[in-house]
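First comes the structure, then the notes that go with it.
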Amino acid sequence: MENFEKILLFHFEKYPLMKPVDAVKLCYQSAFGCGHLVKNEEFALSMLKNELENTTRDFDAQLFEPIGGGYVRIDLHKAKAVKIPEEKICEVFIKSANSGEKTELEPKIEILKKLSKEGRTPFSEKELLEYLFGYSGEMVSHSEKYKTEYRPAYRVILEKLAEELQ
C-alpha cells in the first residue's frame, strides 16, 4: 500500500484542484478497475467512439497514468493524437473490465485519510471526512471542477495489457 500513497501524491501534484470525490474515485478505480463488467461490446465501442469524437488531440499528454492496483488510465486525448485504433482500445478495456483483479477499497481510503490528516491533499481533512460520511462505496463521477479544469477522457485498463496499445 506504500505504493498507493505515492500514486495519490502523484495525482495531487498533477491535479491540484482535486476534490474529495476525485480522490475517492481514484481509490475506487485502483481497487475495482472500471468498476463493472462490460456486457454489451457494441455499446462500449459506441460510447468510446463518441467520446473520442468529442476529445481534442493532445500530443503532450501522458498515454498511461498509474492508478494502482494493477490498473492504469489510458488518456484518450493522447490515444487520439497517436492514432491508436478505437477498436483496440475498446478490446483492451473490455478484457480489463471482465478479468481485472479486485482489491479492497477501505485500505486505500485509509491512506487517503492519513494524507489528508497530514495536510498533504489539495483539500482539508474536514472536507474529506464530510464527503466520506455520505459516501456509499459505489463508483462516483469526477467533480465539476475536475471535469472543467482537466477534461478527463480515459479508460481504466489493466496495466499488464497496456503494452497491447503501444
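Overview of results
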| item | result |
| --- | --- |
| Region 98-113, subset outside any loop (DSSP other than H, G, I, E, B), in contact (Cβ under 8 Å) with a residue 60 or more places away in the chain and not hydrophobic (A, V, I, L, M, F, W, C), residue nearest to Phe59 (Cα to Cα) | Asn98 |
| In region 58-97, the residues that are in a helix (DSSP H, G or I) and basic (Lys, Arg) | Lys78, Lys80, Lys88, Lys95 |
| Residue that is farthest from Lys49 (Cα to Cα), among those in region 85-101 that are of a type in the set (Asp, Glu) and surrounded by fewer than 15 Cβ atoms within 10 Å (Cβ to Cβ) | Glu101 |
| Output for region 63-84, where each listed residue is of a type in the set (A, V, I, L, M), surrounded by fewer than 21 Cβ atoms within 10 Å (Cβ to Cβ) and touching a strand residue (DSSP E or B) at 6+ places or on another chain (Cβ under 7 Å) | Leu63 |
| Residues being part of a helix (DSSP H, G or I) and surrounded by 14 or more Cβ atoms within 10 Å (Cβ to Cβ) - total across region 114-143 | 8 |
| Matching entry among Leu128, Leu115, Leu165, Leu132 (being over 21 Å from Glu13 (Cα atoms), at pLDDT 95 or above and over 17 Å from the mean Cα position of the chain (by Cα)) | Leu132 |
| Candidate set: region 102-112, residues that are surrounded by 13 or more Cβ atoms within 10 Å (Cβ to Cβ) and under 16 Å from the mean Cα position of the chain (by Cα); chosen: the one farthest from Ala44 (Cα to Cα) | Leu112 |
| Selection from region 153-166 of residues that are farther than 19 Å from Asp58 by Cβ and in a strand (DSSP E or B) | Leu158 |
| Residues located in region 29-57, provided they are out of contact with any Ser or Thr (no Cβ under 9 Å at 6 or more places or on another chain), under 22 Å from Arg151 (Cβ atoms) and not in a loop (DSSP other than H, G, I, E, B) | Gln29, Ala44, Leu45, Ser46, Met47, Leu48, Lys49, Asn50, Glu51, Leu52, Glu53 |
| Residue in region 144-152 that is assigned to a loop (DSSP other than H, G, I, E, B), without any contact (Cβ under 8 Å) to a residue 60 or more places away in the chain, farther than 30 Å from Arg57 by Cβ and of a type outside the set (Ser, Thr, Tyr) present | no |
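The values are calculated or read from the model by the stated rules, or taken from the named source; none is laboratory data. For clarity, every value in this text was computed on a predicted model and none was experimentally measured. Note that we place each Cβ from the backbone using ideal geometry, even for glycine, and neighbour counts take in every protein chain shown.
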